[in-house]
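Heads up, the thing below is written out as structure tokens.
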Amino acid sequence: MEQFKYRYRKLFFIIVIKAQLVFLKLYYVVNRNEELFSIIQENRKYLNSINKFLPENVYSKNDYGVQRRIYENLEKEIVNLPTYSDLIIFFIRNIFNGKINYLEIGVSVLKNYLQINKGIKNSTIVAYDINDLNPNFNNLKKIKENNNNLVYFKGSVLSEDDAKKFNESFKEGFDFIFSDALHEPDAIRSEYELIIKNNLKNEFIIYYDDLDFDGIEKELINIRNNLENYVSKTINLYTLNIYGWIGQNEKLHKNGILTTFDLESFFKNNKLKILNLKKVY
């Protein structure tokens, strides 16, 4: 019986991701944005230039928070449909004119982080992760692009001591923060209180992956309410569906965005459509 359930779940998963792929291909034929698809092509070319993000001999010693089923798809080619990496670069280029302070919490093997480094210019790109730096990319000066400054900080989102050290080492504030560490409500709240809350510029975007996990979206609503009181301005919360870092090899992710910007107007003005973009009131 257990074997039957496993096979059923696996077959259902395959059917879902295949159906989503077919639907998205049609969706983005109708709703194609040329600038976004230019970014997609740039990112796919870059990803194809990397031999291995995480070789098996490294993974066997440290999995960098990557489940085996994800690892098996980590190096596979991604189709030319939007991922959150593509969308983040589109936001940065068009909202901030490309020059920002960017923080990524939970960089894992650096797959998204390095695409951001390739896609933006003249920016400080900071990584915060509980793991040691991926040994494949341990020379940040060698891999930096476009006059960017790359910084890696090892720390836990649950540690007050780590957060204190981080806050003391970087005091300029961030325009864009990408949260992709522990997908648990308590961890999301901890990183907000310890790392994010006091490190924001006047205008900002905080982008969250994987709202599909239980309690995450509810926690973002709580954070939005707290943040509005803290900064004394309107904070918009949006959700959308988009591929993650292994693209069509897994189901669409529900992502969330907390921001001072009116993204509904931004999307309209840039003639950009992303699946299931909604404003949460």
By per-residue mean of other Cβ atoms within 10 Å, what is the highest-first order of 244-252, 197-205? 244-252, 197-205
If the cut-off is 24 Å between C-alpha atoms, which lysines fall inside it for K254, apart from same-chain ones fewer than 8 positions away? K10, K18, K25, K76, K111, K197, K218, K268, K271, K273, K278, K279
In nm, the gap between the two label points placed 7 Å beyond Cα toward Cβ at I14 and D262 is 4.9 nm
Return the long-range amide H neighbours of L275 (sequence gap of 5 or more, or a different chain), with a cut-off of under 5 Å between placed amide H atoms. N241
If you plug each phi of segment 228-244 into the Karplus form 6.51 cos²θ - 1.76 cosθ + 1.60 with θ = phi - 60°, what whole-Hz ³J(HN,Hα) values come out, in order, with x for Gly and Pro? 4, 5, 6, 9, 6, 8, 5, 10, 8, 10, 10, 10, 7, 10, 7, 6, x
Sorted by chain and then number, the residues having a modelled amide H within less than 5 Å of the amide H of H253, at least 5 places away or on another chain, are I242, Y243, G244
Which whole-Hz ³J(HN,Hα) couplings does segment 46-56 yield from phi under the Karplus relation 6.51 cos²θ - 1.76 cosθ + 1.60, θ = phi - 60°, glycine and proline marked x? 5, 4, 5, 7, 8, 5, 8, 6, 8, x, 4
Distant-in-sequence amide H partners of I205 (H built 1.01 Å from N, under 5 Å): F176, I177
Calculate the spin-label point distance for K197 paired with N147, positioning each point 7 Å from the Cα along the beta-carbon direction, and give it in nanometres. 3.7 nm
Ranking L11, L140, Q115 by how far each Cα lies towards the positive end of the charge dipole of the chain (+1 on Lys and Arg Cβ, -1 on Asp and Glu Cβ), the top one is L11
How are the Cα pair distances of segment 31-280 distributed, in percent, across 5 Å bins from 0? 1, 6, 14, 19, 22, 19, 13, 6, 1, 0
Separation between the E35 and Q67 pseudo-spin-labels, each 7 Å from Cα along Cα→Cβ, expressed in nm? 3.6 nm
Taking 20 Å as the cut-off for C-alpha to C-alpha distance, list the pairs among K99/K201; K118/K142; K118/K251 that go past it. K118/K251
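Values quoted throughout were computed directly from the atomic coordinates according to the rules given, and no laboratory measurement underlies them. Note that the structure is a prediction, hence the values are computed from the model and not measured. Cβ: placed from backbone, ideal geometry, glycine included. Neighbour counts: every protein chain shown.
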